[in-house]
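Here, each number is a calculation from the coordinates, and none is a lab measurement. For clarity, every value in this text was computed on a predicted model and none was experimentally measured. So basically every Cβ, Gly included, is an ideal-geometry build from the backbone, and we count neighbours across all protein chains shown.
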Amino acid sequence: MSLVIQFLSQIRNFIRKQDGDSLRSWLQVGPNSPRQYHELRAELRNQYRQSGLDNIIQKCLPDDEDDEVEGEAVPWPSLVTFIKEYFTFWRDADYDADLVRTHQLLSTLVSSCATALTHPAYGAMLLKTSMSLSDVLARLTMTLNRRPELTRQLRTSNDDESRKSIAESSAEIIQKIFTACLNDRSSDRSSPPKGKRVAIYIFANLVLKLLFACRRIHLAKMIFFNLGANSPPLSLYPAAQRVTFLYYLGRFSFSSGNHYLRAANCLEAAYLQTPPRFTSHRTNILTYLIAANILLGRFPSASLLQRPESRTLAPIFFPLCAALRGGDFISFQAHLAEHEDWLLEKGLLVPLTHKLRPLLWRSLARKTFLLTYVPPTDSASRKAATLDVADLHAAAVYVQRRLEGWALANNTQEDPGTTLVPPPAGRPSRLRPNEGLVWGNAEVTPDHVELQLATLVEEGLMHGFIAHGQGRFAIIGAKAKGPVAAGWPSVWQSIQERRYEEDYNPDDVPGWVRV
């Protein structure tokens, strides 16, 4: 008896028994499948054309409901189509010579499996097979995504700028299976998941993995929306699925504007649910958790940065926090430039470059106040503590000059008008827009400084008001708390208070279904 007929006979037996586990084990597609699958491929190539293959499958798997026996299943049309695609895959695929063609065949196979899975009576027996096939498809897609030279022929053959990437196309196919599982009505939302619903987050995580890989993060919004509307609580699913989902949800929130509170909540929950032995996983989570917290004004502690999972992160984030504490624009820009490639790869360069500038200005203003403020000698004085805007402007001009390459003067400096030596060749370094205090090499004016102070007050990062006539920033509440504590409240506390004023609850994260 030929291998093809043996395979089909065994498949029909598994279908009749509705044995999903055996079907999953039998319908393998990976490159490391046992020898008998490669022998099957050789037989398919040597003995079966497409018409002959279709006929033998139709003969061995007749979709005749009249033959149905109580308690047993019979093949249905979409299943027969899926099996045809399965044998076509083994006949034509070649993991060694043509990964792109193999990916196309596997995509067709998984799409066919997704259709067969929707059968109302027997589709559930293909659930584990769908998991296995989708996992192989995702792995192959990630391999191709890391090797653009293999897919260059696809890009050159299609001039349509809106053409989807391989990762995006694979994500759409797996998303069909995700939708079928989410819409299954074998259990309600509040009870433990049954039937196809047990795999909701398995497929959701695969889709999210592919969307993040091809940088189509905005497309994940629909996944989270559908989960929020139909999914059982996340806590009812295994820890591995919870952690992976919260990681992607946190990254999605991080990349969606100013939702850093939501991102931090998701990533913190993922980190706390990941056992310490999974060091690399905890490192991936911490990369974005630390960044989100820094943007919220919460810097990592020394003990956190000493943990094994923080070993590669400490050299990046510790100097960054030191620069933010001191309002040190120069060290901040130099550190970002040193780690620019890594930050860009992680998607952190843009938010850290632009969103942290208010914290730098806040610290620079605080430092200037500490250097210039002279408290009144009379303890009963009611004079408000103030920061001279001219002093902050002078400090800002000094920082801008240093960024442009001006050096500190030595003891032989003769010009009483400046304490700086012009940069080499007498010309300032050309700064990129994000590298200057205002915009590249643009001059820092008193109006720019006042605008920064007004912005900090508006955001709650400084407490007081600007007296334009006197050119000073007056601190409110200095008598009760002291001028520094009153004028420069905790960034984290200010953001916490701000969220309630804006009717914004970071604990309510769209897509995170809780009990």
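At-a-glance table
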| read-out | value |
| --- | --- |
| Cα long-axis angle, helix 279-295 against the chain (0 to 90 degrees, to the nearest 10) | 40 |
| Degrees, to the nearest 10: 446-458 long Cα axis against longest axis of the chain | 60 |
| Estimated 222 nm signal from helices in the chain, with DSSP H stretches of n ≥ 4 weighted -39500 (n - 2.57), rounded to 500 | -18500 deg cm²/dmol |
| Footprinting exposure proxy for Asp96, Asp184 (fewest neighbouring C-beta atoms within 10 Å first) | Asp96, Asp184 |
| Packing-based exposure ordering (other Cβ within 10 Å, fewest first) of Arg45, Arg35 | Arg35, Arg45 |
| Sparse-neighbourhood loop sites, GluC sites (Glu not before Pro) in segment 69-117 - DSSP loop, at most 13 other Cβ within 10 angstrom | Glu70, Glu72 |
| Packing-based exposure ordering (other Cβ within 10 Å, fewest first) of Lys164, Lys176, Lys59 | Lys59, Lys164, Lys176 |
| Label-point gap, in nm, between Phe225 and Asn32 - each point 7 angstrom along Cα→Cβ | 4.0 |
| Sequence-separation-based contact order of the chain, relative, with Cα cut under 8 Å and 6+ spacing, percent | 10 |
| Where only alpha carbons of the chain are counted, the Rg and the Dmax (Å) | 31.1, 106 |
| Rounded tilt (10° steps) of 35-47 against the dominant C-alpha axis of the chain | 60 |
| log₁₀ of I(q)/I(0) at q = 0.13, 0.19 Å⁻¹ - segment 233-355, Debye sum with one point per alpha carbon | -0.51, -1.05 |
